[in-house]
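Accompanying notes for the structure given below.
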C-alpha cells in the first residue's frame, strides 16, 4: 500500500509538473515576446478625427483593394451625433479596424498560430491556411474587429494592406483614398517618418490601452461634439 | 437585447455543451477513482455506479470533442489543432491536456476492467495479457496522472473563457475554480443517475459515499458563485455592469436565480441533507436529485457563456 501511495503521488506530481510547465512556459513566452517584438520596422497609423468627414472612401477602397466580400468589412467608420443645433451641427467619426496591437490578444489565444505577428513589419496577420475557424481570436479581440471571411472560412481583418498595397510599394488603400488626408501611415522606428512627427507634435490617444493591448493605431481626438463623462 | 442573439456574441451554445461535457467527464472519472480506492477495491468494476462513471467519462469527452469539431468553420481542418501548437493559447494547452487525459483514462479503465477483459480474451491474444499486466504494475502512477489531468481538464474549461480580456465577466480569476467544482459535482450527479438507471442499489454504500462528498461540493460552489459576482460588482466599471446585467431582471436573471441557484444548487443541497438525515434512499430521490444537479450545471455553463459575452470591456 505504501509503495502504491508513493507511486500515485509520483504520477500526480509528474502530470501536475507537466501541465504547470506547459502553461508556465506559455506565459513566460508571452512576456519574452515583448523583447522579440523589437524589430527595425513597426508600421503604425494615425486617424485624425478632426479631418475625417465620414465619407467612407477609405472603407470602399479597402473592400476593393483587399477583395473583402459583402456583408463583412475590415474597416468601418462609426459615426456619433449630430451634436449641437442646426446650422452648427457636428458628427464624430471613429475608425473601427484592427488596432495592430503589440500586446496582440488574438495571437496569444490562437491555438494553431494562424494569427501571427509579422516580425519584419510589426503587423498582426492571419495565415488563412492554418486557421481552423475556432473563433477564439474573434472573442479575444477587445476591439471586436475580427470576422470570419465567408469565402475562405478563415478569420480575417485589416493587415495594413500587407499582402496588397504594401507589396506594390504603395501606402494602404484607405490612406491613399482619404480626400482630407485624415490618415497618416508610416514606420514608428524611423525617427524622421511622418507618423513620428505627427505623434510628437499632436496630442493623441489610443483605444482600450488599459487592457494591455498597446495598439499601433493612434487617434487625434475630435474637438467638436460634447464632453463625455 | 435578445438573450440568444446580440452583436458581441461570438461563441454559441455548442461551446457551453462542450464545456459541460468536458467537466462531467473529468468529474465522473474522479468519482470512479475515489470509489475504487476508498470503498470498493478490486471488485469496483462490478458496481453499477463505477460502470456508469466509466461509461460517462469517455463518451462525454468524445461527444464534447465532436461538438467542438463540428462547430469550427472548417471542421475538416481540425487536425491542424493537433499538429500546430501555440504555448500561449489556453485552447492549445487544453487540447494537449485532453489528448493525454484520454490516454490515461483508457489505461486506467484497462486496469479497472482487467479481470473481465482477460476472461473474455481467454488467452487468445497473449499480447493483451502482457499489456494489462504492465498497466497493473503502473496502476498507481496512472491513477495519479489521471486525477491531475482530470482536475486540469475541469479547470481548463474555465481558463478557456477567463483568458478573454474582451469580456470583463469572463476575464475573472474565480471562473476556472467555479467551473472545476461545478464540473466535479456534475460528475457526481452523472455517476449517481447512471448508476441507479443501471440497476444500482439506491441505498448502496457508493451512494452514501458520493452524497457525503456532494454536500460540501455544493456549499463550495455556492461560495464560489457568491465570490464571482461580488468580486465583479466591487470591481466597478464594466465588470459591475456585466454582473448586474447578468443576474438582474431579464431572461438570464431568471435562469440564474431559478435554474442555477434554486434547481441546480439549493434543491440538491436540501435533498441531500434530507437523505442524510432520513434513513433509506429510494431510486426516485437519488434520480431526481442528480437530475436537478445536472440540469443546474448545464444551465450555469450557458448562463455564464451568454451573459459573459453581453458586456464588452
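What percent does the relative contact order of the range A:68-222 come to when contacts are Cα pairs within less than 8 Å and at least six residues apart?
For the range A:68-222, the relative contact order is 20 percent.
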Stretched fully, the stretch from residue B:99 through residue B:118 gains (0.36 nm per residue minus C-alpha distance, one decimal, in nm) 4.2 nm
Report the Cα centroid-to-centroid distance between the range A:209-229 and the range B:23-42 in angstrom, as an integer. 54
The simple spin-label model distance between residue A:200 and residue A:64, using points 7 Å out along Cα→Cβ, in nm, is 3.6
List the residues of the range B:201-217 whose backbone N lies under 15 Å from a point placed 7 Å from the Cα of residue B:287 along the Cα-to-Cβ direction. B:201-203
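Take peptide B:157-165, look around each residue's Cβ out to 10 angstrom, count Cβ atoms belonging to other protein chains, and average those counts.
Numbers: counts 0, 0, 1, 3, 1, 0, 6, 7, 12.
Average per residue, whole number: 3.
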Residue exposure sequence - B:1, B:267, B:275 - by fewest surrounding Cβ within 10 Å: B:1, B:267, B:275
Ranking B:300, B:220, B:35, B:98 by Cβ neighbours within 10 Å, fewest first, what do you get? B:220, B:98, B:35, B:300
How high is the FRET efficiency between residue B:4 and residue A:3 when r is their beta carbon distance and R₀ equals 35 Å, given to the nearest 0.05? 0.05
The simple spin-label model distance between residue A:14 and residue B:127, using points 7 Å out along Cα→Cβ, in nm, is 2.3
Using alpha-carbon positions, what is the distance between the centroids of the range B:1-19 and the range A:98-125, in Å? 25
Label the range B:66-159 by shape, choosing from rounded, prolate and oblate, from the square roots a ≥ b ≥ c of the eigenvalues of the Cα gyration tensor; if a/c is under 1.5 it is rounded, and otherwise prolate applies when a/b is larger than b/c, oblate when it is not. prolate
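Can you pull the mean other chain C-beta count within 10 Å for peptide A:141-148? Let's see the in-between values first.
Details: counts 4, 7, 2, 5, 0, 1, 0, 2.
Across the residues of A:141-148, the mean count of other-chain Cβ atoms within 10 Å is 3.
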222 nm mean residue ellipticity, helices alone, for chain B (DSSP H n ≥ 4; -39,500 (n - 2.57); rounded to 500): -24000 deg cm²/dmol
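Could you work out the relative contact order of chain B? I mean the mean sequence separation of Cα pairs under 8 Å and 6+ apart, divided by the number of residues, in percent. Can you show the working numbers first?
Numbers: 422 pairs, mean separation 85.5, N = 313.
Result for chain B is 27 percent.
Does chain B come out rounded, prolate or oblate by the C-alpha gyration tensor, with a ≥ b ≥ c the root eigenvalues, rounded set by a/c under 1.5 and, if not, prolate when a/b is larger than b/c and oblate if not? Numbers along the way, then the final one.
Values: a/c = 2.34, a/b = 1.35, b/c = 1.73.
Oblate.
Pull out a ≥ b ≥ c, the square roots of the eigenvalues of the alpha-carbon gyration tensor of the range B:85-239, then state rounded if a/c is under 1.5, prolate if not and a/b is larger than b/c, and oblate in the remaining case.
Numbers: a/c = 3.66, a/b = 1.64, b/c = 2.24.
Here the range B:85-239 falls in the oblate category.
Give me the inter-chain shielding for B:6-12: mean count of other chain Cβ atoms within 10 Å, whole number please. Before the final figure, lay out the partial values.
Numbers: counts 0, 1, 2, 1, 9, 5, 1.
Mean partner shielding for this stretch: 3.
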Arranged from highest to lowest average of other beta-carbon atoms within 10 Å per residue, in what order do the peptides B:243-256, A:96-109, B:14-27 appear? B:14-27, A:96-109, B:243-256
Distance in nm between residue A:151 and residue B:12 label points, each 7 Å along Cα→Cβ, equals 2.5
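Let's test the formula: R0 of 45 Å, r as the Cβ-Cβ distance of residue B:249 and residue A:128. What FRET efficiency results, to the nearest 0.05?
Values: r = 44 Å, r/R0 = 0.98.
It comes to 0.55.
Each reported figure results from applying straightforward, stated rules to the coordinates on display, with no laboratory input. Source: prediction; values computed, not measured. As a convention, Cβ positions derive from the backbone with ideal geometry for all residues, glycine included, and neighbour counts pool all protein chains shown.
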